[in-house]
Amino acid sequence: DHRWFYIVSGLAFLTFFIFSYFSYRKFMYPMLDLGLFNRHMWGMVRGDFGPNTLKMPTQLNLLGDHSHFILFLYAPIYFLWQNAFSLVLIQIAALVLSSYPLYKIALKYLKDKRVAAGWLVPYFMFFGFWSGQAYAFHEVFLALPIIAWALYFLLEDRFKQMLVCLALLLLVKE
């Protein structure tokens, strides 16, 4: 029974969602990241990898401008819900999902499910996460679950799985 983990991570998801939803609805996000990535994803699900129309016409396309290959894994979600806020939800989900391997690590060493779940509270309060949420979407957040699982596999001496995670990390940013 991991109810405390579900409570802490559920409250974190809800808190990030409320913050992001009202920021989105009140136009408090800078257009740059959310608009650019929304345009990238919109083109990707249509097979259009040309220049991003929100940038200068001389800018490179999605595959040449930072090469965010990890976005291909999230394209099916965006295909189902083609809205800029879907990217924000993907980012929140990646952040919250990254807490599970950290919870497993804490549980291994602390032996108490409530205390292990409590260790996630400062994780979710990290200023960098809130600062990142203030800029709507950035693909770097998608690396969080991969990094967390790589750390878990490292501590469990499961090096093959850790190497898979490290290989997936290469897809996040050029």
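Just to confirm the number: angle between the C-alpha axis of helix 31-44 and the first principal axis of the chain, 0 to 90 degrees, nearest 10? Computed tilt is about 80 degrees. Counting only Cβ charges, +1 for Lys and Arg and -1 for Asp and Glu, the dipole size of the chain around its Cα centre is about 380 debye.
Here the accessible area of the chain is 72 percent carbon and sulfur, with a 1.4 angstrom probe and all protein chains present. The Cα center of region 79-114 and the Cα center of region 147-174 differ in position by 16 Å.
Length gained on full extension, H2 to V45: 11.8 nm, using 0.36 nm per residue less the C-alpha separation. Give the calculated FRET efficiency between F72 and V121 to the nearest 0.05, with a Förster radius of 41 Å applied to their Cβ-Cβ distance. Given R0 = 41 Å and the Cβ-Cβ separation, E is 0.75. Give the label of the value calculated from the structure for Cα extents along the principal axes in Å, choosing from (i) 57, 42, 31; (ii) 64, 45, 26; (iii) 56, 40, 27. Only one listed value fits the structure, namely (iii). FRET efficiency for the pair L169 and R25, taken as 1/(1 + (r/R0)^6) with r the Cβ-Cβ distance and R0 = 41 Å, rounds to 0.80.
Checking the a/c ratio against 1.5 first, then a/b against b/c, what shape does the Cα gyration tensor give for region 70-163? Because a/c hits 1.5 or more and a/b fails to exceed b/c, region 70-163 counts as oblate. Separation of the alpha carbons by more than 30 angstrom is noted, of K26/K104; K113/K160; K104/K160, for K26/K104.
The values are calculated or read from the model by the stated rules, or taken from the named source; none is laboratory data. All of these numbers come straight from a predicted model, not from anything done at the bench. Methodologically, a virtual Cβ is constructed for each residue, glycine included, from the backbone with ideal geometry; neighbour enumeration extends over all protein chains shown. Note: areas computed on protein heavy atoms with side chains; ligands, DNA, RNA excluded. Shrake-Rupley method; radii C 1.70, N 1.55, O 1.52, S 1.80 Å.
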